[in-house]
Amino acid sequence: MGTVLIATAAGTGLRQPKRPQPIADLPGETLFAWPHQTTELAPEAIVVRLDKGAAQ
């Protein structure tokens, strides 16, 4: 058991952020990052992490 954490910067049209946004300090291990893992969340990016110790 654990907790899945997802950070996305999905958007469409004019409201989509044009600059990378800072990512909060997410606990756990990165399972998936697109387009790549960094300390910022680029437009249209997604980061999925699993914190195995958080769930009760």
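Every number in this text was worked out from the coordinates using simple rules, so none of it is lab data. As the structure is a prediction and not an experimental result, all values here were calculated from the model. Counting neighbours? That spans all protein chains shown, and the Cβs are built from the backbone with ideal geometry, glycine included.
Can you tell me the length gained on complete extension of the stretch E40 to L26, counting 0.36 nm per residue apart and subtracting the Cα distance? Extra length from E40 to L26 when fully extended: 3.9 nm. Any idea how far apart R19 and V4 come out in nm if each label point goes 7 Å out from Cα toward Cβ? Computed distance between label sites R19 and V4 equals 3.3 nm.
Of the peptides 31-37, 42-48, 2-8, the order by per-residue mean of other Cβ atoms within 10 Å, starting with the highest, comes out as 42-48, 2-8, 31-37.
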